[in-house]
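> For reference, the structure I am asking about is given below.
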């Protein structure tokens, strides 16, 4: 905790404050994110009870921003966890087993890296409807590659260390070694890359939502808000600038913090 | 000779990869509920059946896949099911030049900005300029195309009125904003890679030797430092190309450009099977080609790689 109060960690604090706002602000607002105020369509900022005004059909911008941020971050965290699990499982297996298996598994990762995987995800979205569950499973399945590479490298390095060799010599089963000795040692690096995966996932989710393939109405996400804002920007630029700015702020903060963590652990 | 072997080996893995992608997409889009002929006006079952038969959609899936691939080998992408008067080849031929132009200009711009920024930062390592450039690079990598695109259109298109907001008219001015929006995040990543690459290279023995022999700083940097330092950049080019193509989908939508990306999204939403498959095949082929190209650059930058 002392380390977190360091002034260097301002990006993390910005994100924490934004998360808290997204979670709790809606309780104090007179409007919900899908409620239409018929008396105030396209209201300017600071008018009446609408702090940031309303959108083109009279919904409160601030409430929609909070709801959108909440959905975007929720999807991001869930998808990042999927990628964490798949990445660790794949990378640890490859690194632990080694040899031919490792070669084949990593070749597969290399091949996927260079593929237009986004297009397969788009196809998946079109095909299986646009459920929010699918959004993060789909994204998680795309974003595990870097995690797998990093974990494999770590596991391979750890495998040669005396305490692992000792555990092996003592007849500890591999599953116990992996869970009790390897995992705790790669936790730091995995956390750093998890932190870097979150902005990636936010980007993919917003991208899908922007194309109309991600989260569906009445739910909203930052990507949808950017899209709505872009469609209406000649009337009310605020509609684009607010969610766009917020999205960029979140992405920048998470990236800076993630890179810092990565540099500490590697 | 060795390069020839490398190219041959890459091509040998490229063919099954391409085939895999085509088959995966073929079956994926076929599982999708709904078909290309569900228009606003429901067709009679007889018409539906006739259309299905005319386009060969009544045959077993495997047979259709086989037919599709054998036609593809002869350069025939099949007819578009939604744009009824066009073949997919014609549609793709219209879209491809626009997408290639966008992607090509974006990667050149990104390389130019990224390498010069990374170089400047490495020369001024540890100073204010370095921090400023690296901070901007981080911010740039976090700029999603679908935010920068509309934001640029808002500022330079609507407020300043300098550049066209959509379409491909007016000389080449239409290219500027889409290309900048596409190139920004890639240029940030390239700047970081260049900076990191140079930082390690400049500490090595051959650079010290060059210094000891009294070579000028610029000669050391450009002749001995930059080339090996760009190796990580070259290995990033493959993923970057994939990212640019994805970004191009958004940019083409935002700026109303009739490129491949728009056909892909439209095709997927309309269940225009041959169109989607055609675009996916083309994209995958382009990316594989680009990766091969990146491998060649890789070998040129670092002769040790040629043997591997």
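> What does the structure give for B:137-143 when I average, per residue, the other chain Cβ atoms found within 10 Å of the residue Cβ?
Partner-chain Cβ atoms within 10 Å, mean over residues of B:137-143: 5.
> Hey, another quick one. Order these by the 10 Å Cβ neighbour count, fewest first: B:80, A:221.
Least crowded to most crowded, the residues run B:80, A:221.
> Let me ask another. Let me know the mean shielding of B:147-156 by other chains, meaning the per-residue number of their Cβ atoms within 10 Å of its Cβ.
What the average comes to for B:147-156 is 6.
> How would B:203, A:159 line up from fewest to most surrounding beta-carbon atoms within 10 angstrom?
By the 10 Å Cβ count, ascending, the order reads B:203, A:159.
> Which residue, B:96, B:152, B:162, tops the fluctuation ranking in a GNM of chain B built on C-alpha contacts under 10 Å?
So, out of B:96, B:152, B:162, the one fluctuating most is B:162.
> So, one more: With every atom except the alpha carbons ignored, what do you get for Rg and Dmax of the protein assembly as shown, in angstroms?
25.5, 86
> Using every alpha carbon pair in segment A:109-252, what percent of pairs falls into each 5 Å bin from 0 up to the bin containing the largest distance?
2, 8, 15, 15, 14, 12, 10, 8, 6, 5, 3, 2, 1, 0, 0
> What ratio of Cα Rg to 2.2 N^0.38 Å holds for chain B?
Normalised by 2.2 N^0.38 Å, the Cα Rg of chain B equals 1.22.
> Here's another thing I want to ask about it. Could you tell me how many degrees, from 0 to 90 and to the nearest 10, lie between the Cα long axis of helix B:173-201 and the main elongation axis, the longest principal axis, of the Cα atoms of chain B?
40 degrees
> Here's another thing I want to ask about it. Across peptide A:223-231, what mean number of C-beta atoms from other chains lies inside 10 Å of a residue's C-beta?
For this peptide, the per-residue mean of nearby foreign Cβ atoms is 3.
> Still on this structure: So what does the Cα-only Debye profile of segment B:104-172 read at q = 0.12, 0.21 Å⁻¹, as log10 I(q)/I(0), no solvent term?
Log10 I(q)/I(0), no solvent term: -0.47, -0.98.
> Once the Cα atoms of helix B:260-270 and of chain B are each reduced to a long axis, what angle between those two axes, in degrees from 0 to 90 to the nearest 10, is obtained?
Compared with the principal axis, the helix lies near 40 degrees.
> Based on DSSP H runs of at least 4 residues, each adding -39500 (n - 2.57), what is the mean residue ellipticity at 222 nm of chain B after dividing by all its residues, to the nearest 500 deg cm²/dmol?
-23500 deg cm²/dmol
> Need the full-extension length gain, residue A:260 to residue A:38, defined as separation in residues times 0.36 nm minus the C-alpha distance. One decimal, nm.
Result: 75.2 nm gained on full extension.
> Can you work out D for segment B:98-259 in µm² s⁻¹ from Stokes-Einstein, where Rh is the Kirkwood radius over C-alpha pairs, the temperature is 10 °C and the viscosity is 1.306 mPa s?
94 µm²/s
> OK, next. At 0.36 nm per residue, minus the direct Cα-Cα distance, what do residue B:269 and residue B:24 gain on full extension? Give it in nm, one decimal, please.
86.4 nm
> Right, something else. Based on other C-beta atoms within 10 Å, arrange B:295, B:302, B:85 from fewest to most.
Taking fewest neighbouring Cβ atoms as first place, the list is B:85, B:302, B:295.
> With angles folded into 0 to 90 degrees, how steeply does helix A:132-142 sit against the dominant principal axis of chain A? Use alpha carbons for both and round to 10.
40 degrees
> Pairs of Cα atoms under 8 Å, at least six residues apart: use those to get the relative contact order of segment B:98-259, whole percent.
35 percent
> Could you state the per residue volume, in Å³, of the convex hull enclosing the Cα atoms of segment A:19-95?
Spread over its residues, the Cα hull of segment A:19-95 gives 99 Å³ apiece.
> For the pair residue A:9 and residue A:170, what calculated FRET efficiency results from E = 1/(1 + (r/R0)^6), where r is the Cβ-Cβ distance and R0 = 60 Å, to the nearest 0.05?
0.90
Only the coordinates and a few stated rules stand behind these numbers; no lab work does. Computed from a prediction, not measured in an experiment: that's the story for all the values here. Virtual Cβ from ideal backbone geometry, glycine too; neighbours counted across all protein chains shown.
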